[in-house]
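See below for the structure under consideration.
What follows draws every value from the coordinates through simple rules; no lab data is involved. Keep in mind that what you see is a predicted model, and the values were worked out from it rather than measured. Cβ atoms come from the backbone with ideal geometry, glycine included; neighbour counts cover every protein chain shown.
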Amino acid sequence: MIEKFKSWLLSYPEFQYSSVKEMLDDAIKCYQNGIARASLLLSYNAFLLVIRGKILAYKNTPQKYKQSEWENKVKKLRDDEKFEEELINLLCAGVDKSIFDYGTKKNLHSDFDYWRRRRNDCAHGKNNTITLSNVCAFWTFIMDNYIYYNMEGSLQR
């Protein structure tokens, strides 16, 4: 699984940015050493940074938002102290408020919410067991669904 994931990462330049790459390299090292919680947490955080970058690179206002409302969201996304909460709100928004072109993946927001809860299990020492299989499943989620995290109307995919 590690080689497949590493190979997949190389096909997307945004996963090669220094902070994201360092996090993912550390996540892979943790995985190789059987440290599942840290591996999942680092992978999740790297994924958030990439999605944040995609949103901040988008220069238009999504159709489902007023310009002032969107500008407020972008301001929070630029703030290192507030971006995670705002980004999670955007990622978990239902189809009616989604900024992403999910195509046929209409439930991707609830799928992401599952991984947010697993992240919380890792970060807050919850009783749910996190194993290397959870890490593999998250990496598979990223590989299967990353193409759907494009802003509405963008030319990517």
Grab the Cα-Cα distance for Leu132 and Lys4, subtract it from 0.36 nm times how many residues apart they are, and report the gain in nm with one decimal.
-> 44.6 nm
If you count, for each residue, the other Cβ atoms within 10 Å and average over each peptide, how do 82-89, 62-69 line up from highest to lowest?
-> 82-89, 62-69
In the structure shown, do any of Lys6/Lys105; Lys6/Lys66; Lys4/Lys75; Lys4/Lys59; Lys66/Lys105; Lys6/Lys75 have a Cα-Cα gap over 28 Å, and if so which?
-> Lys6/Lys66; Lys4/Lys75; Lys4/Lys59; Lys6/Lys75
Hey, what do the phi angles of the stretch 67-73 turn into as Karplus ³J(HN,Hα) couplings, whole Hz, using 6.51/-1.76/1.60 and θ = phi - 60°, x for Gly and Pro?
-> 4, 5, 5, 5, 4, 5, 5
With runs of 4+ DSSP H residues as the only contributors, calculate the mean residue ellipticity of the chain at 222 nm using -39,500 (n - 2.57) per run, divided by the residue total and rounded to the nearest 500.
-> -20000 deg cm²/dmol
With the cut-off at 27 Å, report for the chain the share of all Cα pairs above it, as a whole percent.
-> 22 percent
Would you work out if the stretch 50-121 is rounded, prolate or oblate? Take a ≥ b ≥ c from the square roots of the eigenvalues of the alpha-carbon gyration tensor; rounded if a/c is under 1.5, else prolate when a/b is larger than b/c, oblate otherwise.
-> oblate
Which aspartates and glutamates, on any chain, are close to Lys126 with Cα under 17 Å apart, when same-chain ones fewer than 8 places away are left out?
-> Asp113
Once you have the alpha carbon radius of gyration of the stretch 81-143, what is it after dividing by 2.2 N^0.38 Å, with N set to its residue count?
-> 1.22
